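The values are calculated or read from the model by the stated rules, or taken from the named source; none is laboratory data. Computed from a predicted model, the values in this text were never measured in an experiment. Neighbour counts run over all protein chains shown; Cβ positions are idealised from the backbone, glycine included.
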Amino acid sequence: MDEFHKIRRLPPYVFEPVNRIKAKARAAGADIIDLAMGNPDLPTPKHIVDKLTETVLDPRTHRYSTSRGIPGLRKAQAAYYQRRFGVKLNPETEIVATLGSKEGFANMAQAITSPGDVVLVPNPTYPIHSFGFIMSGGVVRSMPAEPNEEFFRAIDRAVRHSIPKPIALIVNYPSNPTAYTVDLHFYKEVVRVAKQHNIMVLSDLAYAEIYFGTTPPPSILEVDGAKDIAVEFTSLSKTFSMPGWRMGFAVGNEHMIKALSRVKSYLDYGAFTPIQVAAAAALNGSDNCIQEACDIYKTRRDVMVESFGRAGWEIPSPEATMFAWVPIPEKFREAGSLEFATRLVEEAHVAVAPGIGFGEYGDDHVRLAFVENEQRIRQAARNIKRFLASAQ
């Protein structure tokens, strides 16, 4: 049987090749230090788990929920945006709960994309930013991921030369995988240009709360008039160490949120109600647990930068996210990121995410996640030092 059309357009998912190699090595008895997937190892804070436990004991919560999210959860997200960004949102018309930001992104792409529509997507970037639109019949035009003047020159070229004209622009700051950050001035220029050319903006803000400086990352919705053209996606996965709970949000432009809600109404009944109640408790609760997680990730970042540097591999120190975006050592660069990642697993017993999985312009980098403790990170550095010294 021939491969289905949509499946033919999808390469293997970014982690699949490395996961197969990891599984083979572990089956042979190797202790693999896994820095590949951004899968938080920190426990979900106790007050959130307690709220889930309390709620799940009520059998009324075991029935179908609602795909838009229960009212209390949408109100909690509105309160978070008001408190954190000074942005006022209507819980009834400008917020929808999603099954993680990934599902929200994919279904928004499905809601707004016609076959052949052109979408401007950073490269490298998180895979769903591109493939959500590809699966929906869209055409992706790559953009620089770095938020500098070339980013806006690329928009100008795309508007002048793309046929048809682009319908949407994806922004993701703090960025996965590159960890680039932006200030509000950048978003003001994005909104200005998007309005000038009648382009929708989809902002992925999943890492808004994982930052290591004194200035918190802004939301594009802080810009006056941004809600005219923008929707923003957030997630509780990293903020509250809730990756398996699958809880996120899309907020912003009322017309786009309505379209997403309509698509979702055909596809799901929303997350399990006790998860939604616990998610509301997370958003309404203390921020102390967020700061504690940031402190842990910052310590791990510093340990990685110091220990890997002494091992002979310089690690750029990110200002945000739980990732480092790291150039491949020069003597391995020609072989590419997948070959380098494969050799690290097989010869150093360290797993990293190959940059090619985030786009062709990422092939000279790999992504390292701060998801192992300090002792394990130092052990990874020792393994890598031996690998670099002996590798041909």
Subject >> Members of region 372-392 that are hydrophobic (A, V, I, L, M, F, W, C) and either part of a helix (DSSP H, G or I) or closer than 30 Å to Pro144 by Cα (or both) >> reply: Ile377, Ala380, Ala381, Ile384, Phe387, Leu388, Ala389
**OP:** Quick one: in region 338-379, of everything that is small (Gly, Ala, Ser) and touching an Asp or Glu at 6+ places or on another chain (Cβ under 7 Å), which residue is surrounded by the most Cβ atoms within 10 Å (Cβ to Cβ)?
**Re:** Gly355
**OP:** Working only within region 338-371, note down all residues that are acidic (Asp, Glu), outside any helix (DSSP H, G or I) and in contact (Cβ under 8 Å) with a residue 40 or more places away in the chain.
**Re:** none
**OP:** Mind listing whichever residues of region 12-57 are free of Cβ contacts under 8 Å to residues at least 40 places away in the same chain and part of a loop (DSSP other than H, G, I, E, B)?
**Re:** Pro12, Ala28, Gly29, Leu57
Original post:
Quick one: in region 305-337, which of the residues that are aromatic (Phe, Trp, Tyr) and outside any helix (DSSP H, G or I) is farthest from the chain's Cα centre (by Cα)?
Top reply: Trp313
Original post:
What is the residue count in region 35-69 for residues that are closer than 20 Å to Tyr207 by Cβ, buried (at least 20 other Cβ atoms within 10 Å of the Cβ) and at pLDDT below 95?
Top reply: 3
Original post:
Can you tell me which residues in region 151-185 are touching a residue at least 24 places away in the same chain (Cβ under 8 Å), surrounded by 20 or more Cβ atoms within 10 Å (Cβ to Cβ), within 26 Å of Thr321 (Cβ to Cβ) and of a type outside the set (A, V, I, L, M)?
Top reply: Asn172, Tyr173, Pro174, Ser175, Asn176, Pro177, Thr178, Tyr180, Thr181
**OP:** Name every residue in region 237-252 that is among the aromatic types (Phe, Trp, Tyr) and closer than 16 Å to Pro91 by Cβ, in order of residue number.
**Re:** Phe249
**OP:** From (1) touching a His at 6+ places or on another chain (Cβ under 9 Å); (2) farther than 29 Å from His129 by Cα, pick out the condition that doesn't hold for Ser307.
**Re:** (1)
Original post:
For region 190-225, how many residues are farther than 27 Å from Pro316 by Cα and either surrounded by fewer than 16 Cβ atoms within 10 Å (Cβ to Cβ) or in contact with a helix residue (DSSP H, G or I) (Cβ under 7 Å, 6 or more places away or on another chain) (or both)?
Top reply: 15
Original post:
Here is a list of conditions, (1) in contact with a helix residue (DSSP H, G or I) (Cβ under 9 Å, 6 or more places away or on another chain); (2) not assigned by TED's automatic domain parsing to the domain that holds Ser265, and Arg26 meets all of them except one; can you say which number that is?
Top reply: (1)
Original post:
Quick one: is Ser261 outside any loop (DSSP other than H, G, I, E, B), surrounded by fewer than 24 Cβ atoms within 10 Å (Cβ to Cβ) and in contact with a strand residue (DSSP E or B) (Cβ under 6 Å, 6 or more places away or on another chain)?
Top reply: yes
**OP:** Go through (1) at pLDDT below 95; (2) among the hydrophobic types (A, V, I, L, M, F, W, C); (3) surrounded by fewer than 20 Cβ atoms within 10 Å (Cβ to Cβ) and name the single condition Ala271 misses.
**Re:** (3)
Subject >> Residue match in region 295-316 (condition: surrounded by 15 or more Cβ atoms within 10 Å (Cβ to Cβ), under 24 Å from Glu16 (Cβ atoms), outside the structural domain of Ile128 (by TED's automatic domain parsing) and acidic (Asp, Glu)) >> reply: no
